[in-house]
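What follows is a single structure, written as structure tokens, with notes after it.
The values are calculated or read from the model by the stated rules, or taken from the named source; none is laboratory data. Owing to the predicted nature of the structure, the values given are computational and were not obtained by experimental measurement. Neighbour counts are summed over all protein chains in view; Cβ atoms, including those assigned to glycine, are modelled from backbone coordinates with ideal geometry.
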Amino acid sequence: MNWSDRLHAAIPGGAHTYSRGDDQYPSNAPPILSHGRGAYVHDADGRRFLDYGMGLRAVTLGYADERVNAAAIDAIARGNNLTRPSLLELEAAERLLALFPWAGMVKFAKNGSTVTTAAVKLARAYTGRTHVAVPAGQPFFTYDDWFIGSTPMDRGIPAEHKALTLKFEYNDIASLERLFAEHPGRIACVMLEPATAVAPCGGGCTDLLAPCRCTDRRANFLHRVKALCAEHGAVFVLDEMITGFRWDLHGAMKVYGIEPDLATFGKGMANGFALAALAGRREIMELGGIRDQGAERVFLISTTHGSEMSAFGAFIRTVDVYRSEDVTGHLWRYGRRLIEGLNALAAEAGVAGHFEAHGFGCSPYYTARDADGRVSMPFRTLWAQEMVRGGVLMPWVALSLAHGDAELDLTLTAARKAFAVYAAALQDGVESHLVGPPVKPVFRKYN
């Protein structure tokens, strides 16, 4: 039995995250990994790959960073999980609140889905309302019913749950205004990522390769959403799961000059250790407290392993490294060079109209198109397949401090060869160059 068969025999989907599954990678990608160090991962056969997946974007310093590991090991030696709150737990909470002084309180958990759902629960308790509004184009907020019920993978979710999640268009304030008009007094919160592939600057920010320097905040979509929430009594929630600790140590909210009512964090905050956070205004967060005598209680987040000290130690040391080494500055600079390098090579190979690297400098992405100019999963798979041949695992582009000059050179060397195959496939068909099936969307109704 091969690795893939063994994984699928033991684990539904073959992995504990759908984006790690076989259907998300070209057939020549390593099916299983043994370890990672710096910007590289190794498979079970000892092959080494330069990695741009970086633990689903959770690793921003590099795999097995010795400073972070040492802090986690020191925390483990203290007992790791104690009966009452730990000193390290308090230090981590105060450290996060110092990063986000608008927030009065924080609650930790082990994964992002837990804290985004907790944010929805708090908003519903605070407002007494039921509905949640999220952008249609932002792909994931949680595996819980309130969100997954709004995707094509809604099997097993009651219809009444699905009806409570509403969709609007990012950067289209009129689409959100319509939701408030159609559901008066029923929207508890609006949750959105501050930015994904585009900026919320209303056309005022033309350079996505550098942090936003727009001065007209009135035109910023996030500020308009916040004002609309305030007008209608809804809670304004920023999901900084990806943007936090990547756009800036203080989140994309600092880049765009905005303060939410609630915010969620996770990827990047502890360099791959299991830690997520819900932070927010004290009057909302205190609904999950126990000191307000006679108040109706909200069962917010209560997890045995939410107090695991190894993750707190990793988080505190990660923040220290961010401050001493300008981690986010490095991500922006490396990403700019990568985007410019890939696009130059695409032009050199004559495929610039069919492949483009773009996005924010700190979080690039790439788009693959077929001979007719249509976005193409087969061509995206072909590109990833040829990069694997060149020793580069690039299912998406997540950068880390460990990506340096040598890694950029390796990437561009592999890309030059990949573009040659891409150009050939545009001429004689992608199917003759693929060694397996194309990558499939995660959110699809049927296998």
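Residues of the stretch 371-399 that are in contact with a helix residue (DSSP H, G or I) (Cβ under 9 Å, 6 or more places away or on another chain) and not in a helix (DSSP H, G or I): Ala371, Ser376, Gly390, Gly391, Val392, Leu393, Met394, Pro395, Trp396, Val397, Ala398, Leu399. Would you check if Arg57 is closer than 22 Å to Trp3 by Cα and either of a type in the set (A, V, I, L, M) or touching a residue at least 24 places away in the same chain (Cβ under 8 Å) (or both)? No: the conditions fail for Arg57. When the stretch 290-325 is examined, which residues are found to be surrounded by 14 or more Cβ atoms within 10 Å (Cβ to Cβ), in a loop (DSSP other than H, G, I, E, B) and not β-branched (Val, Ile, Thr)? Listed by number, the residues that qualify are Leu300, Glu308.
Please tell me if Lys107 is surrounded by fewer than 22 Cβ atoms within 10 Å (Cβ to Cβ) and either within 30 Å of Ala314 (Cα to Cα) or touching a residue at least 60 places away in the same chain (Cβ under 8 Å) (or both).
Judged against the criteria, Lys107 is not a match.
If only residues of the stretch 57-92 that are of a type in the set (Gly, Ala, Ser) and over 27 Å from the mean Cα position of the chain (by Cα) are counted, the one that is nearest to Met241 (Cα to Cα) is Ser86.
For the stretch 1-22, give me the residue count where each residue is of a type in the set (Asp, Glu) and over 17 Å from Pro438 (Cα atoms).
As a first pass, look at the stretch 1-22 and keep what is of a type in the set (Asp, Glu): 5, 22.
Among the residues that remain, those that are also over 17 Å from Pro438 (Cα atoms) are: 5.
Residues flagged as of a type in the set (Asp, Glu) and over 17 Å from Pro438 (Cα atoms) within the stretch 1-22 amount to 1.
Taking each residue of the stretch 271-287 that is within 15 Å of Lys121 (Cα to Cα) and looking for partners that are part of a strand (DSSP E or B) and basic (Lys, Arg) with beta-carbon atoms closer than 6 Å, six or more apart or interchain, yields Leu278/Lys107. Taking the numbered list (1) within 28 Å of Ser310 (Cα to Cα); (2) crowded, with 20+ Cβ neighbours inside 10 Å; (3) among the aliphatic types (A, V, I, L, M) in turn, Leu97 passes all entries but (2).
Rundown of residues vs (1) under 17 Å from Lys445 (Cα atoms); (2) of a type outside the set (Gly, Ala, Ser), yes/no style:
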{"residue": "Gln138", "(1), (2)": "no, yes"}
{"residue": "Tyr143", "(1), (2)": "yes, yes"}
{"residue": "His161", "(1), (2)": "no, yes"}
{"residue": "Glu169", "(1), (2)": "no, yes"}
{"residue": "Ile173", "(1), (2)": "no, yes"}
{"residue": "Glu177", "(1), (2)": "no, yes"}
{"residue": "Pro184", "(1), (2)": "no, yes"}
{"residue": "Ala188", "(1), (2)": "no, no"}
{"residue": "Ala195", "(1), (2)": "no, no"}
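Residue-by-condition table, conditions (1) within 24 Å of Lys254 (Cα to Cα); (2) outside the structural domain of Val115 (by TED's automatic domain parsing):
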{"residue": "Ile290", "(1), (2)": "no, no"}
{"residue": "Arg297", "(1), (2)": "no, no"}
{"residue": "Ala314", "(1), (2)": "yes, no"}
{"residue": "Asp320", "(1), (2)": "yes, no"}
{"residue": "Arg333", "(1), (2)": "yes, yes"}
{"residue": "Arg336", "(1), (2)": "yes, yes"}
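Do we find a residue being more than 30 Å from Ala402 (Cα to Cα) and either touching a Ser or Thr at 6+ places or on another chain (Cβ under 8 Å) or not hydrophobic (A, V, I, L, M, F, W, C) (or both) anywhere in the stretch 331-339? No: zero hits. Considering the stretch 129-234, the qualifying helices (runs of 4 or more DSSP H), each wholly inside and each with 3 or more residues that are assigned by TED's automatic domain parsing to the domain that holds Thr114 and surrounded by 15 or more Cβ atoms within 10 Å (Cβ to Cβ), run over 145-148, 173-182, 221-232. Just one of the listed residues (Ala357, Ala402, Ala368, Ala406) is part of a helix (DSSP H, G or I) and of a type in the set (A, V, I, L, M), namely Ala406.
Scanning the stretch 3-56 for residues that are under 23 Å from Phe443 (Cα atoms), small (Gly, Ala, Ser) and touching a Pro at 6+ places or on another chain (Cβ under 9 Å) yields Ser4, Gly14, Ser19, Ser27, Ala29, Gly53. Annotation: of all residues in the stretch 339-397 being in contact (Cβ under 8 Å) with a residue 24 or more places away in the chain and on the phi > 0 side of the Ramachandran plot, the one that is surrounded by the fewest Cβ atoms within 10 Å (Cβ to Cβ) is Gly350.
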